[in-house]
Amino acid sequence: MNTYDTERVADGLRMQFSRPLVAIAAAALAAGIVFGGTIYLNRSPELAMPVDGTSAWLPHLVLFALAAVVGTVILRRRGVEATILLLLAPLGTTAARRLGNTLRAIPRHPSVLLRVLLAVPAMVVLVYCPFRIGVQVLAGLDPNFTVNAWGGPTYLGAMACHYLDAALLIAAAAYLLNKLLLPATRTGTHR
């Protein structure tokens, strides 16, 4: 991707972000960083002993390989620009319009309430993952926080595994929401 393409993608992204959705994600991330800082400040001076089998490196290597294959397929089919937009879709204006249309359709089509109820866990995941990512930033500096963590005992290993988990959970939640929310049309019609 050349400089022109990079700038074009960046301009397109700025126009397509939903301020409320970005604010929610940023607030969750900031809250996670604060919470992680609290965990770090209250760390124990005694080092915990590692427990065999808690690092979960093998399952994460398999998940990484699968994610790399799927990512490569998406990248080849859609191209760089579309792939970047796809990754950021949960923060986009289209996602915000779809959520708004779905919520506004409930009085006209009460069955849409079931869609919303089914979508709540996915929305919780989209808020929780930035929070959990934020927690890892500072709490992970405590050796006791990472010694028996997935990817532990190191800070970078724990971050890699937790961030991979977050990326996969966000992708699954976004896929589910894509199936549940009504289209982003202006009318908010029930499909």
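Condition first: farther than 22 Å from Ala139 by Cβ and acidic (Asp, Glu). Can you find one or more residues in segment 30-50 that meet it?
Looking through segment 30-50, none of the residues is farther than 22 Å from Ala139 by Cβ and acidic (Asp, Glu).
Which of (1) open to solvent by less than 50 Å² (accessible area, probe 1.4 Å); (2) modelled with pLDDT under 95; (3) within 18 Å of Met159 (Cβ to Cβ); (4) in contact with a helix residue (DSSP H, G or I) (Cβ under 6 Å, 6 or more places away or on another chain) is the odd one out, the single condition Gly134 does not satisfy?
(2)
Say whether the condition of being open to solvent by 40 Å² or more (accessible area, probe 1.4 Å) and at pLDDT 90 or above is met by at least one residue in segment 47-57.
No: segment 47-57 contains no residue that is open to solvent by 40 Å² or more (accessible area, probe 1.4 Å) and at pLDDT 90 or above.
For Gly140, indicate whether it is open to solvent by less than 20 Å² (accessible area, probe 1.4 Å), more than 15 Å from Ala28 (Cβ to Cβ), modelled with pLDDT under 95 and over 17 Å from the mean Cα position of the chain (by Cα).
yes
A quick yes/no check of all residues on (1) of a type in the set (Ser, Thr, Tyr); (2) open to solvent by less than 40 Å² (accessible area, probe 1.4 Å); (3) in contact with a Ser or Thr (Cβ under 6 Å, 6 or more places away or on another chain):
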{"residue": "Arg43", "(1), (2), (3)": "no, no, no"}
{"residue": "Val70", "(1), (2), (3)": "no, no, no"}
{"residue": "Ile74", "(1), (2), (3)": "no, no, yes"}
{"residue": "Val80", "(1), (2), (3)": "no, no, no"}
{"residue": "Pro107", "(1), (2), (3)": "no, no, no"}
{"residue": "Pro130", "(1), (2), (3)": "no, yes, no"}
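Taking segment 148-175 on its own, how many of its residues are modelled with pLDDT under 90 and open to solvent by less than 20 Å² (accessible area, probe 1.4 Å)?
Of the residues in segment 148-175, 3 are modelled with pLDDT under 90 and open to solvent by less than 20 Å² (accessible area, probe 1.4 Å).
Test of understanding: among Leu126, Leu29, which residue is of a type outside the set (D, E, K, R), over 20 Å from Gly151 (Cα atoms), open to solvent by 60 Å² or more (accessible area, probe 1.4 Å) and in contact with a Pro (Cβ under 8 Å, 6 or more places away or on another chain)?
Leu29
The values are calculated or read from the model by the stated rules, or taken from the named source; none is laboratory data. Keep in mind it's a predicted model, so treat the numbers as computed, not measured. Cβ: placed from backbone, ideal geometry, glycine included. Neighbour counts: every protein chain shown. Accessible surface is based on the protein model in full, side chains and every heavy atom, while ligands, DNA and RNA are left aside. Shrake-Rupley method; radii C 1.70, N 1.55, O 1.52, S 1.80 Å.
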